[in-house]
1. Just give me the residues in region 360-390 being under 19 Å from the mean Cα position of the chain (by Cα) and either surrounded by fewer than 20 Cβ atoms within 10 Å (Cβ to Cβ) or at pLDDT below 90 (or both), in sequence order.
2. For region 67-113, give me each residue that is among the small types (Gly, Ala, Ser) and not in a loop (DSSP other than H, G, I, E, B).
3. Which condition from (1) touching a helix residue (DSSP H, G or I) at 6+ places or on another chain (Cβ under 8 Å); (2) more than 23 Å from THR92 (Cα to Cα); (3) not in a helix (DSSP H, G or I) is the one that GLN397 breaks?
4. With respect to GLY254, is the statement that it is surrounded by fewer than 19 Cβ atoms within 10 Å (Cβ to Cβ), in contact (Cβ under 8 Å) with a residue 12 or more places away in the chain and not assigned by TED's automatic domain parsing to the domain that holds LEU493 true?
5. Out of region 85-135, which residues are surrounded by 24 or more Cβ atoms within 10 Å (Cβ to Cβ), under 15 Å from the mean Cα position of the chain (by Cα) and either of a type in the set (A, V, I, L, M) or not assigned by TED's automatic domain parsing to the domain that holds ALA163 (or both)?
6. Residues of region 400-429 being hydroxyl-bearing (Ser, Thr, Tyr) and under 23 Å from GLU267 (Cβ atoms), which ones?
7. Going by what's in this entry, would TYR95 be described as among the aromatic types (Phe, Trp, Tyr), under 24 Å from THR44 (Cβ atoms) and in contact with a Lys or Arg (Cβ under 6 Å, 6 or more places away or on another chain)?
8. Does region 420-440 hold any residues that are of a type in the set (A, V, I, L, M, F, W, C) and modelled with pLDDT of 95 or more, and which are they?
Amino acid sequence: MSRPRPVSALPALLAFLAPPLGLSACSRTPPPAPDHVLLIVVDTLRADHLSAYGYPRPTSPALDQLAAEGILFRRAVAQSSWTSPSMVSMMTGRYLSDERLAIPESSPILAEVFQRNGWGTAAFISNDILSEENGFRRGFDEYVLMQPYDADDPILDWIRGRAGKKTFTWVHFAEPHDPYMPPESHLNYRRSPGEPAPELLEYYRKVDAELGLTDFESSVALIQEEIGGYDDDVAYCDRRIAALLGAIEASGQGASTAVVIASDHGEGLWTRVAFHTGQRDAKRDAGEAPTLVNTLMPTHGSQVNRELVHVPLILRAPGLPEGRVVDAPVENLDIAPTLLELCRLQAPRGLQGESLLASLGRSRKDRAAFSHTRFASTLITADGLQLIVPTPLGRCQEGLEIELYDLDSDPDARRNIAAEHVERVHELLREVERRLAKGISGDMREISNQNLKKLQGLGYIDAGTVEAPRKDLEGLPFTELALTIAEHQRPCLERLDAARALRGRVLDEEQRSNLGVLLQRERAPAIRAELQRLLDQAAAR
């Protein structure tokens with residue numbers, strides 16, 4: 001298989017863009033407000049596996065056509081590399097400071113704005129972690145849980161039956177999520193997987209030699225077959241999207257419908273070595289010999305490299321340009337303010353995204369896109385740099401260090417140049433800290449057993465994405481927790497959990513002094529950061 005080609009600039013068919021509402025004093029008439037909004041989120045969809053983004057396989061003819069009729073955002077970034085936190089961010093239009101499964105009850109969400117303004121709302125969801133329990137049912141008149149490869153009849157019936165009413169529709173397809181196995185009649189690339197790109201094959205050989213792996217040839221063949229299955233799933237989903245777009249046109253809604261194509265995250269597809277947490281250690285513990293297949297990252301959830309957070313974003317709406325490509329970095333949390341602006345609806349307070357219409361009218365060299373997991377945060381800049389910053393947990397559990405890549409010259413992020421650009425690293429670090437500081441806090445330590453089972457079924461627990469809650473530590477006395485922290489022979493995470501269990505407690509002077517001693521003796525970066533946080537909070541009381 002040859003290397004994906006970078007997408008070339010599609011010709012703009014309109015010489016100017018009607019100014020977004022409230023953004024310009026220009027007297028041109030703004031684009032007409034749509035009567036219908038169709039938000040299609042395709043779970044686990046990498047932008048660089050779409051022919052619309054230059055992929056050599058014709059995986060996405062429907063999206064190719066949609067991009068030709070609308071606006072393609074070349075460098076869109078999801079706010080996490082797995083579904084729940086990414087979709088919480090998309091639906092609230094806000095950053096997260098920690099991973100979340102559920103939408104906070106206090107946060108208004110996109111569907112509620114449409115519903116309050118009299119629009120009919122419906123959601124058709126093929127990922128059951130996006131459940132009513134987790135707040136994703138809010139704001140929808142109809143909420144239908146589906147399965148990958150299900151018939152489209154419920155969605156088509158909704159579209160055809162609401163032609164005369166304003167509607168907001170969220171469809172969440174999940175075909176590209178593993179396992180990559182569409183119906184037999186739709187298998188194509190899995191049967192003819194081809195060869196990896198030369199530079200990728202060279203990387204495989206390097207990893208194989210450095211880590212002493214086995215079964216090289218058969219591993220490469222299996223990886224190529226799995227990637228072929230992924231591309232088959234992408235093509236299958238593209239056909240489903242074509243059916244929905246066809247129904248919109250057939251019902252006479254085409255000229256009054258805004259369509260957004262997005263994804264919650266990408267997919268690893270064996271691009272780089274996985275963290276030890278999860279599948280690597282699990283396979284080793286099960287007695288499997290280390291191979292490329294079980295050593296490289298196959299899926300998603302724990303890392304924030306570009307293949308996991310670079311997602312497609314295409315917008316077609318009445319009055320907007322056709323065939324436009326936007327190069328500025330944009331984010332999924334920009335979707336909510338964009339749709340509300342297009343539809344002339346008042347945005348709720350607290351939105352942190354920016355309308356995508358702003359990216360059409362001027363150069364956005366100051367923009368940077370942000371994403372976060374429990375192990376690392378990342379910032380991707382307009383000049384092609386990607387900073388990856390380990391969280392305390394990433395430093396503690398995986399020994400991660402700060403990374404900086406020039407994605408324009410090193411698209412696969414193989415050469416860390418952080419040591420060569422210290423000032424730029426510090427500049428970008430400050431921006432990462434600003435994004436985290438204003439984000440919604442996490443809820444991963446209070447998840448229900450039902451959610452734990454769902455996450456296990458989706459593979460997130462095995463992939464090291466979700467911490468098991470440690471409520472057993474909450475009631476322990478300070479002295480016992482401090483002794484656990486002090487025992488350096490204990491596992492790093494166990495000691496980190498003991499430190500976290502002190503959050504929110506009122507500490508007396510002696511306890512603060514003891515924490516200060518522990519901080520002086522501590523070497524693990526994650527635990528040092530947690531102890532400093534506890535001392536800072538105590539000093540602020």
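1. Answer for region 360-390, where residues must be under 19 Å from the mean Cα position of the chain (by Cα) and either surrounded by fewer than 20 Cβ atoms within 10 Å (Cβ to Cβ) or at pLDDT below 90 (or both): ARG367, ARG374, ALA382, GLY384, LEU385.
2. Those that are among the small types (Gly, Ala, Ser) and not in a loop (DSSP other than H, G, I, E, B): ALA67, ALA68, ALA76, SER84, SER86, SER89, ALA111.
3. Failed condition: (3).
4. Against the criterion (surrounded by fewer than 19 Cβ atoms within 10 Å (Cβ to Cβ), in contact (Cβ under 8 Å) with a residue 12 or more places away in the chain and not assigned by TED's automatic domain parsing to the domain that holds LEU493), GLY254 does not qualify.
5. Of everything in region 85-135, those that are surrounded by 24 or more Cβ atoms within 10 Å (Cβ to Cβ), under 15 Å from the mean Cα position of the chain (by Cα) and either of a type in the set (A, V, I, L, M) or not assigned by TED's automatic domain parsing to the domain that holds ALA163 (or both) turn out to be MET87, VAL88, MET90, MET91, LEU96, LEU101, LEU130.
6. Selection gives TYR405 alone.
7. yes
8. Within region 420-440, VAL422, VAL425, LEU428, LEU429, VAL432 meet the criteria.
The values are calculated or read from the model by the stated rules, or taken from the named source; none is laboratory data. Just so it is clear, the model here is predicted, and its values are computed rather than measured. Note: ideal-geometry Cβ built from the backbone for every residue, glycine included; neighbour counts use all protein chains shown.
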